[in-house]
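> Please find one structure pasted underneath; my questions will follow.
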Amino acid sequence: MTEFRLTQISDTHLARWLPKLTQNFERVCEYIDATRPDLVINSGDVAWDGPSSASDLEFARKLHDALPVACRYLPGNHDIGDNPTQIGPAPSHPVTEQDRQAFVTVFGDDRWRFDAAGWCFIGLNSLVMNSGLVSEAEQFDWLASELACVGSRPVALFLHKPVYLNTPEDPELVASAIRYVPMPARRRLVEILRSVDLRLIASGHVHQRRDYTCRSIRNVWAPSAGFVISDARQDRIGIKEVGLVEYRFQPDGFEVRIVKAPGQADIDLDVLLAKEPA
Ligand SMILES: [Fe+2]
Ligand SMILES: [Fe+2]
């Protein structure tokens, strides 16, 4: 295979009681049906609230089963709970081994590696980082052993949370610690990745699309496929639009296109949650 076409969707946040998000997902499905990539990756927050409602995970899985191409999944904080951080408030629902396992049961492995078009693709569970759970240590050991046999191939990394805002040295701040891979796990991750030719870090979580390069590593923040978050609730860093990301990988490079599927609507979170007038 000389070219590998991959579509990243993220932050679908699906639940039976939120039909507007299902409608946006259906527009994404139609677009994927028309474009037929080799693979779809959902980079997390697949469901609205996995830890409190197992039925959200199952509902999201059922909708993804309608996709006409293969799909791989990574967990988000709304699927399995959030990372503890060194600073800032503790998450209302910290990640647990039980919730991680519930995700794996419905969606398959929460970390994976495969090769295509001369590239090595790695997906990581970013929520167990800094958790102290057994699966955090297991994942770091697994990552080290996978990277040991990558050789000179370029590497593309997928995970739910961006690793950092602009550079690996960005300080962790109270206001934004939950937005990125937390310290000190971030430092360890960056260090392990130094041994390979990392070209791409593709994430979701922020519900803002962004595409920038830091020291020859392209950082792509996928937009949410479902909804945007107002400036009153969240800083504006990139572009607040819904959409999806299309990649074309060839042995000597890759292309990135962030697009909106026809009919996909920029639903604001506040509007989504507003009660209908009685
Ligand atoms: Fe999200
Ligand atoms: Fe998230």
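> Kindly list, by first and then second residue, each pair from a residue in the stretch 41-57 that is over 22 Å from Phe158 (Cα atoms) to a residue that is among the aromatic types (Phe, Trp, Tyr) and open to solvent by 10 Å² or more (accessible area, probe 1.4 Å), limited to pairs with Cβ atoms under 8 Å and residues at least 6 apart or on different chains.
Final answer for the pair search is Asp56/Trp48.
> Scan the stretch 217-272 for residues that are over 18 Å from the mean Cα position of the chain (by Cα), free of Cβ contacts under 8 Å to residues at least 60 places away in the same chain and assigned to a strand (DSSP E or B) and jot them down.
Gly253, Glu255, Asp268
> May I pose another question? Filtering the stretch 42-69 down to residues that are of a type in the set (A, V, I, L, M) and under 17 Å from the mean Cα position of the chain (by Cα), which residue is farthest from Ala177 (Cα to Cα)?
Here is the first cut: in the stretch 42-69, the residues of a type in the set (A, V, I, L, M) are 46-47, 54, 57, 60, 63, 66-67, 69.
Those left that are additionally under 17 Å from the mean Cα position of the chain (by Cα): 46-47, 57, 60.
Working: Val46: 22, Ala47: 22, Leu57: 26, Ala60: 28 Å.
Filtering the stretch 42-69 for residues that are of a type in the set (A, V, I, L, M) and under 17 Å from the mean Cα position of the chain (by Cα), the one farthest from Ala177 (Cα to Cα) comes out as Ala60.
> Let me ask you something else. When the stretch 118-142 is examined, which residues are found to be assigned to a loop (DSSP other than H, G, I, E, B), of a type in the set (A, V, I, L, M) and open to solvent by 10 Å² or more (accessible area, probe 1.4 Å)? It would help to see each step written out before you state the result.
Keep residues of the stretch 118-142 that are assigned to a loop (DSSP other than H, G, I, E, B), which gives 118, 124-133.
Right, trim to of a type in the set (A, V, I, L, M) and you get 124, 127-129, 133.
Correct list: Leu133 only.
> Also, I was wondering about something else. If you go through the stretch 246-257 one residue at a time, how many are closer than 18 Å to Glu30 by Cβ and open to solvent by 40 Å² or more (accessible area, probe 1.4 Å)? Steps first, please.
Taking the stretch 246-257 as the starting set, the residues that turn out to be closer than 18 Å to Glu30 by Cβ are 246, 257.
After this cut, where a residue has to be open to solvent by 40 Å² or more (accessible area, probe 1.4 Å) as well, the list is 257.
Going through the stretch 246-257 one residue at a time, the tally reaches 1.
> When the stretch 31-62 is examined, which residues are found to be among the β-branched types (Val, Ile, Thr) and within 16 Å of ligand 2 (Cβ to nearest atom)? Explain how you work it out, then say what you get.
Within the stretch 31-62, the subset among the β-branched types (Val, Ile, Thr) is 32, 35, 40-41, 46.
Across the stretch 31-62, the qualifying residues are Ile41, Val46.
> If we only count helices (runs of 4 or more DSSP H) wholly inside the stretch 11-106, which ones have 3 or more residues that are within 14 Å of ligand 1 (Cβ to nearest atom) and either modelled with pLDDT of 95 or more or crowded, with 24+ Cβ neighbours inside 10 Å (or both)? Walk me through how you get there before you give the answer.
On the way: elements: 19-35, 54-64, 77-80.
Result: 19-35, 77-80.
> A follow-up question, please. What pairs can you find where one residue is in the stretch 170-192 and part of a loop (DSSP other than H, G, I, E, B), the other is basic (Lys, Arg), and their Cβ atoms are less than 6 Å apart, with a gap of 6+ or different chains?
Tyr180/Lys161; Val181/Lys161
> Being under 17 Å from the mean Cα position of the chain (by Cα), more than 16 Å from ligand 2 (Cβ to nearest atom) and either open to solvent by less than 10 Å² (accessible area, probe 1.4 Å) or hydrophobic (A, V, I, L, M, F, W, C) (or both) is the filter here; which residues of the stretch 187-216 pass it?
Leu189, Leu200
> Filter the stretch 1-10 for residues that are open to solvent by less than 10 Å² (accessible area, probe 1.4 Å) and either polar (S, T, N, Q) or at pLDDT below 95 (or both) and give the result.
Hits for the stretch 1-10 are Thr7, Gln8, Ser10.
> Surrounded by 12 or more Cβ atoms within 10 Å (Cβ to Cβ), within 16 Å of ligand 2 (Cβ to nearest atom) and either within 19 Å of the chain's Cα centre (by Cα) or among the acidic types (Asp, Glu) (or both): does that describe Ala177? I'd like the intermediate steps shown before the answer.
Values: surrounded by 12 or more Cβ atoms within 10 Å (Cβ to Cβ): yes; within 16 Å of ligand 2 (Cβ to nearest atom): yes; either within 19 Å of the chain's Cα centre (by Cα) or among the acidic types (Asp, Glu) (or both): yes.
For Ala177, the condition - surrounded by 12 or more Cβ atoms within 10 Å (Cβ to Cβ), within 16 Å of ligand 2 (Cβ to nearest atom) and either within 19 Å of the chain's Cα centre (by Cα) or among the acidic types (Asp, Glu) (or both) - is met.
> Right, here's the next one. Scan the stretch 100-139 for residues that are touching a helix residue (DSSP H, G or I) at 6+ places or on another chain (Cβ under 7 Å), touching a residue at least 40 places away in the same chain (Cβ under 8 Å) and of a type outside the set (A, V, I, L, M) and report the count.
4
> Ok, one more. Among the residues that make up the stretch 151-158, is at least one of them surrounded by 21 or more Cβ atoms within 10 Å (Cβ to Cβ) and farther than 17 Å from Leu198 by Cα?
no
> Can I ask one more? Select from the stretch 143-169 the residues that are in a loop (DSSP other than H, G, I, E, B) and either charged (D, E, K, R) or farther than 23 Å from Gly44 by Cα (or both) and list them in ascending order.
Of everything in the stretch 143-169, those that are in a loop (DSSP other than H, G, I, E, B) and either charged (D, E, K, R) or farther than 23 Å from Gly44 by Cα (or both) turn out to be Ala148, Cys149, Val150, Gly151, Ser152, Arg153, Lys161, Glu169.
> Another question about this same structure. State all residues of the stretch 153-167 that are aliphatic (A, V, I, L, M) and away from ligand 1 (no atom under 16 Å from the Cβ); if no residue qualifies, say none. Don't jump to the end; show me each part of the working.
At the first step, the residues of the stretch 153-167 found to be aliphatic (A, V, I, L, M) are 155-157, 159, 163, 165.
The answer is Val155, Ala156, Leu157, Val163, Leu165.
> Can you find a residue in the stretch 229-245 that is open to solvent by 30 Å² or more (accessible area, probe 1.4 Å), acidic (Asp, Glu) and closer than 17 Å to Ile201 by Cα?
no
The values are calculated or read from the model by the stated rules, or taken from the named source; none is laboratory data. This one's a predicted model, so the numbers in the text were calculated from it and none came from an experiment. Quick reminder, even Gly has a Cβ in these numbers, built from the backbone with ideal geometry, and neighbours come from all protein chains shown. Protein only, heavy atoms only, side chains kept; ligands, DNA and RNA dropped before computing areas. Shrake-Rupley method; radii C 1.70, N 1.55, O 1.52, S 1.80 Å.
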